[in-house]
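Take a look at the structure set out below.
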Amino acid sequence: MDTKKILLIEDDYFINQLYMRVLKQAGYNIILASDGIEGVKLADNSFDLILLDIMLPKMDGINVLKKLKENPNTKKVPVILLTNLGQASIIKAAFTIGAQGYLMKMGLTPYEVAEKIKPFLMNPSFQMDIKEVDLD
């Protein structure tokens with residue numbers, strides 16, 4: 001089995017180190033971007049999945065998502081929002097733009113996140129049902 005390559009776009013040092021450690025233990029190759037602009041640049045390096053925070057410096061996650069879905073090199077890469085922002089309008093907008101999943105950091109352990117991303121890695125066209133998302 002080939003090692004899946006994941007881009008983690010997360011600015012909080014403690015959180016990104018925690019997720020990187022857990023996802024590496026799960027067998028994934030993890031590349032980190034600590035702001036939105038860096039994330040957009042790194043995304044061109046052919047990833048199997050992108051985990052994207054919404055609240056980011058330099059460019060927020062929604063604008064990163066727009067750029068990723070406009071770029072022919074990245075538009076088919078599954079993007080999962082991994083955030084603590086739970087506003088229904090933002091989540092709906094992200095799904096409309098092309099996000100395929102949404103996970104709340106505070107509601108899941110990093111190990112649970114590692115489990116929840118498996119369907120997206122096994123089937124890049126997998127789409128989380130927005131009804132599964134707990135909207136405010």
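The values are calculated or read from the model by the stated rules, or taken from the named source; none is laboratory data. Everything quoted here is computed from the prediction, not taken from an experiment. Here the Cβ positions follow ideal geometry from the backbone for every residue, glycine too, while neighbour counts run over all protein chains shown. Just so you know, the surface numbers come from the protein's heavy atoms only, side chains and all, with ligands and any DNA or RNA stripped out. Shrake-Rupley method; radii C 1.70, N 1.55, O 1.52, S 1.80 Å.
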- [ ] Kindly count the pairs of lysines across segment 4-82 whose alpha carbons are less than 18 Å apart, treating pairs on different chains or eight or more residues apart as eligible.
- [x] 19
Task: Gyration tensor verdict on segment 4-98 (Cα atoms; rounded if a/c is under 1.5, prolate if a/b is larger than b/c, oblate otherwise) - done: oblate
TODO: May I ask you to evaluate 6.51 cos²θ - 1.76 cosθ + 1.60, the Karplus curve with θ = phi - 60°, for each residue of segment 52-60 and list the ³J(HN,Hα) values in order in whole Hz, giving x for glycine and proline?
DONE: 10, 7, 8, 8, 10, x, 6, 7, 6
TODO: Rounding to the nearest 20 debye, state how big the charge dipole of segment 61-136 is about its Cα centre with +1 on each Lys and Arg Cβ and -1 on each Asp and Glu Cβ.
DONE: 360 debye
TODO: Report, for the chain, the % of DSSP beta bridges that are antiparallel, rounded to 5.
DONE: 0 percent
- [ ] Calculate, for the chain, the solvent-accessible area per residue in square angstrom, rolling a 1.4 angstrom probe over the heavy atoms of the protein chains.
- [x] 52 Å²
- [ ] Work out the length of the dipole vector of segment 36-96 about its Cα centre, built from +1 on the beta-carbon of each Lys and Arg and -1 on the beta-carbon of each Asp and Glu, and round it to the nearest 20 debye.
- [x] 200 debye
Open item on the list: Please give the charge dipole size of the chain, origin at the Cα centre, charges +1 on K and R Cβ atoms and -1 on D and E Cβ atoms. Round to the nearest 20 debye.
Closed with: 360 debye
- [ ] Give the residue from ALA26, PHE126, GLY86 lying farthest towards the positive end of the charge dipole for the chain; charges sit on Cβ (+1 for Lys and Arg, -1 for Asp and Glu) and the dipole is referred to the Cα centre.
- [x] PHE126
TODO: Under 1.5 on a/c is rounded, so check that first for segment 65-136, then, if it is not, pick prolate when a/b is larger than b/c and oblate when it is not; a ≥ b ≥ c are the square roots of the alpha carbon gyration tensor eigenvalues.
DONE: oblate
